[in-house]
Amino acid sequence: MADIIAYYRVSTKQQGESGLGLEGQETAVQSYARQVGATIKANYVEVESGKLADRPQLAKALAHAGRSKATLVVAKLDRLSRNVEFLARVMNSAVEFVACDNPAANRLTLHILAAVAENEAKAISDRTKAALAAAKARGTLLGSARPGHWDGREDARLAGLEKARGMAVKVR
């Protein structure tokens with residue numbers, strides 16, 4: 001393997017701004033590149049949920065890797081996807097890819113790991129929904145309705161309200 005196209009993904013804007021999740025991924029990919037004697041030709045960074053199949057930076061990274069006959073490298077398989085169907089599409093493309101957390105994985109192993117990751121993502125979602133429903137049933141205010149949410153950001157709330165009123169007038 002001579003050339004690597006690196007793809008890094010975090011799920012939230014806060015993770016993207018802090019850079020902490022990205023730093024760990026970059027370290028893993030750089031370490032892998034050193035181990036195999038490869039050169040990182042390009043880095044693609046995305047701040048997007050892994051649930052979404054439409055990820056522009058991933059599409060660019062895959063296209064770049066395909067054009068240059070490079071290997072797409074991700075720090076962990078779940079940074080690429082937690083969806084078996086999506087991962088199968090990537091595996092069926094002409095692009096070779098490696099996950100640093102399991103670089104020797106074959107197609108079978110990748111399918112199994114993707115199925116486990118998909119199941120874990122569903123379990124996390126179910127637990128979160130149940131916890132939010134229980135909190136709401138107890139009378140806890142959620143989201144922007146909770147006390148103190150707009151402290152220091154009242155101008156942003158009012159600007160959003162004004163924008164919404166303007167759109168409502170246009171719609172009517």
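Here is how the numbers come out for the structure above:
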quantity	calculated
Qualifying position, being among the polar types (S, T, N, Q), in contact with a strand residue (DSSP E or B) (Cβ under 8 Å, 6 or more places away or on another chain), part of a helix (DSSP H, G or I) and within 24 Å of Thr109 (Cα to Cα), among Gln35, Gln57, Gln30, Gln15	Gln30
Pair list, Cβ < 7 Å and 6+ apart or interchain, from segment 4-26 residues that are open to solvent by 50 Å² or more (accessible area, probe 1.4 Å) to residues that are at pLDDT 90 or above	Glu26/Tyr8
Matching option when the condition is in a helix (DSSP H, G or I) and at pLDDT below 90, among Ala130, Ala105, Ala114, Ala65	Ala114
Inter-residue pairs, beta-carbon under 8 Å, first in contact (Cβ under 8 Å) with a residue 60 or more places away in the chain and in segment 53-70, second among the hydrophobic types (A, V, I, L, M, F, W, C) and surrounded by fewer than 16 Cβ atoms within 10 Å (Cβ to Cβ), 6+ apart	Ala70/Ala2
Flag for Val36 being within 18 Å of Asp101 (Cα to Cα), among the β-branched types (Val, Ile, Thr), open to solvent by 50 Å² or more (accessible area, probe 1.4 Å) and modelled with pLDDT of 90 or more	yes
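The values are calculated or read from the model by the stated rules, or taken from the named source; none is laboratory data. This one's a predicted model, so the numbers in the text were calculated from it and none came from an experiment. Cβ atoms come from the backbone with ideal geometry, glycine included; neighbour counts cover every protein chain shown. SASA here: full protein model, heavy atoms, side chains in, ligands and nucleic acids out. Shrake-Rupley method; radii C 1.70, N 1.55, O 1.52, S 1.80 Å.
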